1. Is region 144-333 rounded, prolate or oblate when judged by the Cα gyration tensor, a ≥ b ≥ c being the square roots of its eigenvalues, rounded requiring a/c under 1.5 and prolate requiring a/b larger than b/c?
2. Per DSSP helix of 4 or more residues, -39500 (n - 2.57); summed, then divided by the residues of the chain. What does that give at 222 nm, rounded to the nearest 500?
3. Going highest first, how would you order 35-41, 223-229 by mean Cβ packing within 10 Å?
4. Within 10 Å, count the other beta carbons around each residue, average over each peptide in 128-136, 335-343, and list them highest first.
5. Within 11 Å, Cβ to Cβ, of Asn123, how many net charges do the neighbouring residues add up to if Lys/Arg are +1 and Asp/Glu are -1?
6. Could you put Phe167, Phe318 in order, starting from the residue whose Cβ has the fewest other Cβ atoms within 10 Å?
7. Mean separation of Cα pairs under 8 Å and 6+ residues apart, divided by the residue count of the chain: what relative contact order is that in percent?
8. Helix 108-120: angle to the longest alpha-carbon principal axis of the chain, degrees 0 to 90, nearest 10?
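Just so it is clear, none of the values below were taken in a lab; they were calculated from the coordinates. This structure is a prediction, so every number in the text was calculated from the model and none was measured. Here Cβ is always computed from backbone atoms with ideal geometry, including for glycine, and neighbour counts include all displayed protein chains.
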Amino acid sequence: MLNVEATQARAVPRRSGAGSNLSRVLRYTLVRGLTLLVTVVIAVYLTILIANGGGYVDQMRIGQIREQVILQMGSDPEMALLTVQQRKQLEEERVRVRVEQLGLDRPFMIRSFEYLWNGLTLNLGSAEYLLSDSGSRQVRNILGERLPSTLLLMGTSQLLLFFCALFVALFLSRRYGSFLDKLVIALAPNSAAPAWFYGLFLILIFAALLGWLPYGGMIDAPPPQEPLPRALSIAKHMILPVLSMFIANIFASIYSWRTFFLIYSSEDYVEMAKAKGLSDRQIERRYVLRPTLPTIITSFSLMIITLWVGAIVLETVFAWPGIGRLTQQAINLYDTPVIVANTVIYAYLLAVTLFLLDIIYSIVDPRVKLGGGGNRS
């Protein structure tokens, strides 16, 4: 009987401890989610204010409406029958009607919160100037047409860059001080130049001088209809932009990862593993890659997010029909819905990724506890 009561007494703290852990995790999840949501709201609202110039763009739109009304009235022969005063009144009336239809007669601050709500609820609406290839003004159609091109270009280049840099850095960490290691260190400063800078030289060499590769675009004109020739044409157009991004980032990435691996390779437990006679592959897998796994996951996750954004200048230099070039066109035209849509989706992707990373850390690294705290014994 006494043994049963003792067992029950020991079980009560265990249940209460489990409940405390669950409560802490739920509280952390709620606080973290609300923090990221507030951050997204602030970022999107600032984008709206900047994209509209604090309301200045609306004044430009009203001026464009007035100009369109004047041109329409000037081409109408019936306007010649009206007096100057009548034409002026009719002009003001038509301008007023169009301004009210677009909601530009209301204060900008009120409409800015409407833009914010539409953006946060992914009600992307219609673009003001840009069109999709099918002639649609719907922002989701415009983004939907450009997104596959950006994912293809950025995905190929970034994945190639990430895994090449990772494996080469791991190889160099075992050959510290070798000729190849010194060569990478010497070439690392070349990554200070952006990808489009190297792209200009590659175009000059391989397109202008040698004529081996196209200057830009995504596919030959007219585009091949068969799947295989079409895929080969796209691959040929991808070579220069992918090579530009690879050259611009590979040496700095290798140097960064190589230094990171060297730090963990010099730990005492690695030296002890070597003394035990473990092979280099076992040491790398157990004592180098495993503790660096959270950092590798973070780098890979943030790289995946950048696939959406594209490279604005690079896509413009190579005339690549992607999200980056679309963003540049939207900025030039003050096409606020397109700019806000890009920002909202990127902000959501970043917030969700950061939220999931916290959970992944607790899975791959037992030292990390969600919500902090925890019983120590």
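1. prolate
2. For the chain, the value works out to -24500 deg cm²/dmol.
3. Order by mean packing, descending: 35-41, 223-229.
4. Details: 128-136: 13.2, 335-343: 23.7.
Packing order, densest peptide first, comes out as 335-343, 128-136.
5. It works out to a net charge of 0.
6. Placing the least packed residue first, the sequence is Phe167, Phe318.
7. After rounding, I find 25 percent.
8. 50
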